[in-house]
Structure formats: structure tokens, C-alpha cells
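Below you'll find the structure I mean.
We did not get these values from a lab; they are worked out from the coordinates using the rules stated. Quick caveat, the model's predicted, so the values are computed rather than measured. Cβ: placed from backbone, ideal geometry, glycine included. Neighbour counts: every protein chain shown.
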Amino acid sequence: MSMDQVRPPLRVVLTDLNATVVEAWRAAFADTPGIEIRQGSILDEDVDAWVTPTNSRGRMDGGVDAVIKRHLGAGIQLRVQRAIRDGFGGVLPVGAAVCVPSGASTPRFLISAPTMASSAQNVSETLNVALACAAAFQAVHQQNRRAPGSITSVALVGMGAQTGRVPARVCANLMWTGHTLFHDHDFDDYADLRATVLAQLDDLEAAPATHRVRLTPPTRTTGRR
């Protein structure tokens with residue numbers, strides 16, 4: 001049985017203030033159904049979960065993180081850092097994510113996925129965007145395993161496109177890779193996810209900016225497909 005037969009579709013909203021990122025999404029996701037793309041603030045999106053690109057310590061002191069903390073209140077950083085401490089010993093690796101209650105009615109959850117180890121790190125020449133986007137969608141899988149149907153819609157910004165200085169088209173293509181992997185596979189853990197992404201994207205930086213890569217999930221099954 002395929003994953004699409006056992007779980008409802010996820011509504012995905014891609015939203016960013018940067019018009020260049022929005023246009024790059026329109027090109028990268030042109031043939032991908034079920035994606036809503038618009039220019040604007042993630043704060044305006046009425047969805048179950050927002051995804052914020054963060055750093056490995058969960059310090060919400062810059063970029064979209066800081067905007068969301070101002071909106072939801074300082075308690076959101078405490079919840080994110082507690083989840084990182086409890087689940088990852090205080091350091092959330094790139095290619096992993098945490099999903100915490102937001103404390104608000106909209107969104108009900110915040111998913112924090114690091115694109116960098118420290119605040120304002122330049123990640124423009126790394127695969128961190130693909131890792132972070134894939135990890136964010138994996139967090140959706142995990143939350144819905146804990147509470148089926150709790151996340152049916154999610155909003156994301158341009159991962160790494162602001163503070164991390166990833167070129168817009170590269171950002172869009174890597175986010176497309178992370179999104180398609182979400183539909184193709186549900187990983188047992190983040191270590192398997194990171195291994196799959198890194199093994200197949202290790203030479204992507206030498207590819208043209210318009211190049212997209214659809215990852216092949218591991219051949220072994222997880223029992224959840």
C-alpha cells in the first residue's frame with residue numbers, strides 16, 4: 001500500500017517576502033500539484049504548522065525565527081530549546097527537526113529545522129537547505145504518527161534564502177527535492193534521512209542552477225508504507 005493511500009494529502013504553502021524566491025518557486029514547482037505559492041509573510045498563513053529555518057541551538061534571534069518569536073512570544077523559544085535538549089542533547093543537527101506546540105490557535109505547531117549550526121552562517125554552498133526541508137516534512141510525518149491528522153497543512157519560507165544567503169533558484173530546487181522526498185518515503189529516523197540526502201546530492205553543487213534532483217528512497221521498507 002502506498003503512503004498516499006494511508007494518509008490524507010498535506011496542504012503546502014510556500015510564502016516569502018522576497019519576490020525573487022517566489023518566482024524561483026514558481027519555476028521549480030511548476031509541475032508539482034497541491035502547492036500554493038505566494039508573496040507575503042508566513043504570519044498571515046492560517047495553517048496547522050509553520051516551518052522556521054533555525055540554528056542548531058534553537059536560538060530564535062535572527063531572520064524568520066525572530067519574527068515568529070515576536071509574534072508567538074518568548075515561550076516558543078523555550079519550548080523549541082527544551083525539545084532540542086530532550087531529543088538531541090541540546091544540539092539539533094542539520095537534517096533533523098523538532099515540532100512543538102505553538103501556544104496559539106494558528107498555527108498549532110511550530111517546526112524548527114536548522115539550516116545552519118550558528119546564527120547568520122553562510123550556507124550558500126552546502127546542501128543544508130535540502131536537509132532542512134526534508135527534515136521539516138519528516139517532522140510532519142512524526143507528529144501525525146503521534147496524533148493522526150494533527151497536521152494537514154503547513155507553511156514554509158525560503159529555507160536559507162535570507163540569513164543563509166542561498167541563491168533563490170538553488171533554494172527552490174533543493175526545497176523541491178525535500179518536498180518530493182516527503183511524498184516518496186517516511187523515514188524511521190533522521191539519521192536515515194540525512195544519509196539518503198547526502199549520498200545522492202553530494203555532487204549537486206557542480207550542477208546547473210536549474211537542475212532538480214528527485215531522491216530515491218532506500219530500497220528497504222519501514223513497515224509504514
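Sorted by mean Cβ packing within 10 Å, highest first, what order do the peptides 182-189, 82-89, 53-60 take?
Working: 182-189: 17.9, 82-89: 14.6, 53-60: 23.6.
So the peptides 182-189, 82-89, 53-60, ranked by packing, come out 53-60, 182-189, 82-89.
If the chain between Asp189 and Glu36 were fully stretched, how many nm would it gain, using 0.36 nm times the residue separation less the Cα-Cα distance?
Working: separation 153, 0.36 × 153 = 55.08 nm, distance 2.80 nm.
Computed gain between Asp189 and Glu36 is 52.3 nm.
Projected onto the charge dipole of segment 3-206 (+1 at Lys/Arg Cβ, -1 at Asp/Glu Cβ, origin at the Cα centre), which of His179, Ala27, Ile151 gives the Cα projection farthest towards the positive end?
The listed residue farthest towards the positive side: Ile151.
Continuing with the same structure: Can you give the relative contact order of segment 3-206 as a percent, counting alpha carbon pairs under 8 Å and 6+ residues apart? The partial results should precede the final answer.
Details: 389 pairs, mean separation 54.9, N = 204.
About 27 percent, as a whole number.
Computed over the Cα atoms of segment 1-104, what is the convex hull's projected area averaged over all directions, in nm²? Write out the running numbers ahead of the final one.
Working: hull surface 32.8 nm².
If I average the Cα hull's projected area over directions, I get 8.2 nm².
Let me ask another. Suppose R0 equals 41 Å. What FRET efficiency, 1/(1 + (r/R0)^6) with r the Cβ-Cβ distance, do Glu23 and Arg85 give to the nearest 0.05? Provide the component values of the computation, followed by the final result.
Numbers: r = 39 Å, r/R0 = 0.95.
The computed FRET efficiency comes out at 0.55.
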